[in-house]
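Peer 1: Pasting a structure here, questions to come.
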Amino acid sequence: MAWLKVVDALKAPVGTTVTVKGWVRTRRDSKADGGLSFVAVHDGTCFDAMQTVCKGTLPNYADEIAKLTTHCAVEITGVASLTPKGGIELQVDPATGGSVTIHGLVDNPDAYPIQPKQHTMEFLREQAHLRVRTNTFGAVARVRSTLSMAIHRFFHERTFFYVHTPIITASDCEGAGQMFRVSTLDIANPPRVGAAPKEARSTSESTPSSPSSPPCYMGDIAPASPHADTPIDFSHDFFGKESHLTVSGQLNVETYCCALSRVYTFGPTFRAENSNTSRHLAEFWMIEPEIAFATLKEDADLAEEFIKYLVNAVLTERADDMKFFDERIEKGLLARLTHVLESPFRRLPYTEAIAILEAAIAGGKKFEFPIKWGADLQSEHERYLTEEHFKQPVILMNYPKDIKAFYMRLNDPGTDGAPGDTVAAMDVLVPGIGEIIGGSQREERLDVLDRRIAEMNLPAKEYWWYRDLRRYGTVPHAGFGLGFERLILFVTGMQNIRDVIPFPRAPKQAEF
RNA sequence: UCCCCGAUAGCUCAAUGGUAGAGCGAUCGGCUGUUAACCGAUAGGUUCUAGGUUCGAGUCCUAGUCGGGGAGCCA
């Protein structure tokens, strides 16, 4: 007798004795053959469950087996045989060594939240600790894992090195959005500039409840502090300066790129934006490759090859789950992904995109927001381009410099016939999601970079180490960021980003 | 953060300002190599919270909390 994962047990030779361990998906009873129960068991190793046929002659049939409900934990031994439809099931008969062991019943099955029926995503989100036992969330979890592995494999096969960029940053120059503060200061009574520093509130080894622990204020904190208007003195904080959770590993990974040539990060990223949408999370995972001796064209080539590699990986490695998504989550998903695999991504200069949108408006297309050269595209404009006009992924390139970040490389005047200055930035737009990748060629010329930092009133001093890269052996380089959860939405057809990460963090949402 | 919509049984949803309902799920029984099984019965309610209007509020008003769709920000 061998304990097999369900994925392997479903391929067991007829006649062999097999043990499976997992959770009951459904139980149905029959009076045939003197009484028997069909108990479907899944262990998460594949989409399908193993059907077991438990005979009424089993010693614990009436007391235990006939009472099994959804998600009871069981261990079942039986003989592999063919179902009338040709699949593999286990015949569980005490006469041939069959047995059913209950590891854990479900208390009060009447009120168990997960039932053998269709639930809404919103409800399951409130049961995040249990939802992974359902078909949909099990499939999402397997696809997510498969994509993670494929990402590392893609880069590994191309001599990229995986760089662990920091989660905590005391650099104030990442500039990609609102940040979460990281601090060990007493939030109710922080040290103020000019005030006498409090001793022994030192960050590292302070005892959890020292005798001098601060008073606990109910309601509003720090009532009527005489120093309330004085800035907080962060020199007393853990890092001796303000620090935050990272919003991007890009600036750090650029340093490694300028030594290892081809690198990437893949880790969690944090944005404290008050974004309440189905496409934003406060904590999400991002993949950021960076390539040296490369221009925007190589960057776009890499992005396209990357997306196609990942789509292909998930189609071939998780065919069972993808079939489910195609049937139950988004009809036509497989056709859409196959189309993405087979068609080249449309490269489109921003300046040309504006012309297409203006022509569309002239042709009667209505947009909520006006469009003109120099303005950023709205979601509706991006959707029009990728979903209606081209009906395929689009790589928009060379945006006006005034709407993009300081580190993006300034293009030569007149690139693409643009009426103003542009930078070598690109966004990959995909039908159904919109922007999935944002990237650029980085400004490698120190004088141009300094001009941009000054133009945008950024704290030049903070960028000393970033500027060093341009002083010591500078090189053209480029990279992009891919939001991992948006990729999962794209390949699964799931609608809400909170349903493709195990425990979503969003405004007012950090349960579990 | 802004606009719109919503919150009633374990779940999905009904209920003219006047007796709280159905389907699914659960429990019990029947039938059946079943697989979203089917048939019958039973149990299951502080109608999100706090105020208010009213003889009377699930229903109307105010505030709040949470959820959904869209927008902004972005990945």
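Peer 1: Any residue that is surrounded by 16 or more Cβ atoms within 10 Å (Cβ to Cβ), at negative phi and in a loop (DSSP other than H, G, I, E, B) - is there at least one of those in segment A:360-373?
Peer 2: Yes, segment A:360-373 has at least one match.
Peer 1: If residue A:3 meets every condition in (1) loosely packed, with under 15 Cβ neighbours inside 10 Å; (2) more than 37 Å from the chain's Cα centre (by Cα); (3) more than 9 Å from RNA strand B (Cβ to nearest atom) apart from one, which number is that one?
Peer 2: (2)
Peer 1: Also, quick follow-up: Does residue A:11 satisfy being more than 10 Å from RNA strand B (Cβ to nearest atom) and assigned to a strand (DSSP E or B)?
Peer 2: The answer is no for residue A:11.
Peer 1: Would you mind listing the strands (runs of 3 or more DSSP E) fully within segment A:223-311 where at least 3 residues are near RNA strand B (Cβ under 10 Å from one of its atoms) and in the same structural domain as residue A:154 (by TED's automatic domain parsing)?
Peer 2: A:283-292
Peer 1: With A:101, A:96, A:83 as the choices, which residue is of a type in the set (Val, Ile, Thr) and over 26 Å from residue A:117 (Cα atoms)?
Peer 2: A:96 is the lone residue from the list that is of a type in the set (Val, Ile, Thr) and over 26 Å from residue A:117 (Cα atoms).
Yes/no per residue for (1) buried (at least 17 other Cβ atoms within 10 Å of the Cβ); (2) away from RNA strand B (no atom under 12 Å from the Cβ):
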position: A:412; (1), (2): no, yes
position: A:417; (1), (2): no, yes
position: A:431; (1), (2): yes, yes
position: A:437; (1), (2): yes, no
position: A:451; (1), (2): no, yes
position: A:455; (1), (2): no, yes
position: A:465; (1), (2): no, yes
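Peer 1: Which of (1) not in a loop (DSSP other than H, G, I, E, B); (2) not assigned by TED's automatic domain parsing to the domain that holds residue A:284 does residue A:111 not meet, given it meets every other one?
Peer 2: Unmet condition: (1).
Peer 1: Right, next: Can you confirm whether residue A:98 is in contact with a Gly (Cβ under 8 Å, 6 or more places away or on another chain) and under 17 Å from residue A:36 (Cβ atoms)?
Peer 2: Yes; evaluated as a whole, the condition is true for this residue.
Peer 1: Just one of A:479, A:483 is surrounded by 15 or more Cβ atoms within 10 Å (Cβ to Cβ), in the same structural domain as residue A:313 (by TED's automatic domain parsing) and within 10 Å of RNA strand B (Cβ to nearest atom); which is it?
Peer 2: Every option except A:483 fails the conditions.
Peer 1: Of the numbered conditions (1) within 14 Å of RNA strand B (Cβ to nearest atom); (2) touching a residue at least 60 places away in the same chain (Cβ under 8 Å); (3) not in a strand (DSSP E or B), residue A:25 satisfies every one except a single condition; which is it?
Peer 2: In the conditions (1) within 14 Å of RNA strand B (Cβ to nearest atom); (2) touching a residue at least 60 places away in the same chain (Cβ under 8 Å); (3) not in a strand (DSSP E or B), residue A:25 misses (3) alone.
Peer 1: Please determine, by comparing only the residues of segment A:54-109 that are near RNA strand B (Cβ under 10 Å from one of its atoms), among the charged types (D, E, K, R) and over 38 Å from the mean Cα position of the chain (by Cα), which one is surrounded by the most Cβ atoms within 10 Å (Cβ to Cβ).
Peer 2: The extreme case among them is A:55.
Peer 1: Next up: Taking residue A:130, is it closer than 30 Å to residue A:72 by Cβ and either surrounded by 18 or more Cβ atoms within 10 Å (Cβ to Cβ) or over 18 Å from the mean Cα position of the chain (by Cα) (or both)?
Peer 2: yes
Peer 1: A follow-up question, please. Considering A:266, A:293, A:306, A:284, which residue is under 17 Å from the mean Cα position of the chain (by Cα), of a type outside the set (A, V, I, L, M), over 25 Å from residue A:503 (Cα atoms) and modelled with pLDDT of 95 or more?
Peer 2: A:306
The values are calculated or read from the model by the stated rules, or taken from the named source; none is laboratory data. Predicted model only: the values in this text are computed from it and were never measured. Glycine gets a Cβ as well: all are built from the backbone with ideal geometry, and neighbour counts include every protein chain shown.
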